[in-house]
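The values are calculated or read from the model by the stated rules, or taken from the named source; none is laboratory data. Everything quoted here is computed from the prediction, not taken from an experiment. Cβ placement follows ideal geometry from the backbone for every residue including glycine, while neighbour counts extend to all protein chains displayed. These area figures cover heavy atoms from the full protein model, side chains too; ligands, DNA and RNA do not enter into them. Shrake-Rupley method; radii C 1.70, N 1.55, O 1.52, S 1.80 Å.
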Amino acid sequence: MSKDSEKTLKKELKMEQIRSSIFSREDNYDGDLEGAEKQSQKVVPVKIDYEVLGILAGSVVHDLKNVLSPLLSYCELVMSELEDNDILLDDLEQIMDAAQHANELSKELLSMYRKEKCDPVSIDVNSVILENTRLLKRVLKENIVVDLKLSDVPVYISVEHVKINQIILNMAVNAMDAMRNGGSFVIGTSKVIVDEFTAGRPDKIHPGEYVLLSFKDSGAGIPDEIVSDIFEMGFTTKGENGNGIGLGTVKNIIENAGGFFTVISGPSRGALFNIYFPTAENRGQKSQESTNEHNIKCGNGEVVLVVDDDDSSRRLAVRILDKYGYDVFEAADAQRGLDF
């Protein structure tokens, strides 16, 4: 066996060990195909090692940030050198938008598998949905039409931005799986009053004004006997192709935000998911969008030593500091830095 083949084999074995450590299932298959098919429509016990997932997610996010940070910063550098009417500005802004979106996705990946607490902020759900429209078109199949029926006025809730992104993407993927031959996926928002007569309201939910976030698909529908189970962590109807995480994650986000949900569906009738969040006043938080306006103090020949083992990040720091009037030296590690 060649060294390359041996290296590839070791890598595949390592990945298999990681997969096995993350998801472990109870295998009850005894050769009965009919029984196995029925079992695939029931709860598939899943044991998820979130600690391992968190480590993997952290590693991926770290590497991704090392790529995205120089990309975003170099774009800003080039844009700062161009005239306001330069035709390249629009192209660079598109690159910036794509890189920033990738950065948001990396944060979502990390938040999904690490139990990190984030302070909820007052956000407009309509804005988050509109931000995700381009991504939805890439995620969903071409034969699925996305229709937005959003409130005419902003609708504010106190939930982290990335959590709303998770809900939107998980519900979109769920709808796509239900519409194998295509169809329509409708996302709606509105303000509603929840009272003691509201269907599906748990006793612990206080009456009052809520934001209704709805997802409707024209898919195959959900059999009555499993409607109550689909949001349970570990439940899947996809057999070995599913892990039962998506809707379980959505449920946790809703309940942690003090909300609740209802499902209206049936065979061949599609599905309507109504998610209720308590409203939040717009307290004037600063926009979460990035800005290109920085107050940078220019240097006057002061000496700065940049030590970074990542070549791209180090060269970027040198470039920026040099631009703003500093006399810059660089080193790839601490020892070389001390040698200066």
Exercise. Would you be able to tell me the number of residues in the range 162-203 that are over 22 Å from GLY221 (Cβ atoms) and either in contact with a Cys (Cβ under 9 Å, 6 or more places away or on another chain) or aliphatic (A, V, I, L, M) (or both)?
Key: 6
Quiz prompt | Of all residues making up the range 257-269, the number that are within 16 Å of LEU212 (Cα to Cα) and not hydrophobic (A, V, I, L, M, F, W, C) | solution = 3
Quiz item: Of (1) under 17 Å from SER73 (Cβ atoms); (2) open to solvent by less than 50 Å² (accessible area, probe 1.4 Å); (3) at pLDDT 85 or above, GLU330 satisfies all except one. Which?
Solution: (2)
Quiz prompt | Selection status of VAL318, surrounded by 12 or more Cβ atoms within 10 Å (Cβ to Cβ) and assigned to a helix (DSSP H, G or I) | solution = yes
Quiz item: Residues of the range 301-315 being open to solvent by less than 80 Å² (accessible area, probe 1.4 Å) and assigned to a helix (DSSP H, G or I), which ones?
Solution: ASP311, SER312, SER313, ARG314
Exercise. Determine if the range 151-169 includes at least one residue that is of a type in the set (Asp, Glu), under 17 Å from PHE260 (Cα atoms) and surrounded by 18 or more Cβ atoms within 10 Å (Cβ to Cβ).
Key: yes
Self-check item: Candidates THR262, THR249 - the one that is among the β-branched types (Val, Ile, Thr), at pLDDT below 85 and more than 30 Å from MET79 (Cα to Cα)
Solution: THR249
Quiz item: Looking at (1) modelled with pLDDT under 80; (2) open to solvent by 60 Å² or more (accessible area, probe 1.4 Å), which is the only condition ILE230 fails?
Solution: (2)
Quiz prompt | Scope the range 112-158; condition in a loop (DSSP other than H, G, I, E, B), at pLDDT 90 or above and more than 21 Å from VAL173 (Cα to Cα); matching residues | solution = SER151, ASP152, VAL153, PRO154, VAL155
Quiz item: Considering only the range 187-206, how many residues are assigned to a strand (DSSP E or B) and either open to solvent by less than 30 Å² (accessible area, probe 1.4 Å) or closer than 16 Å to ILE254 by Cβ (or both)?
Solution: 5
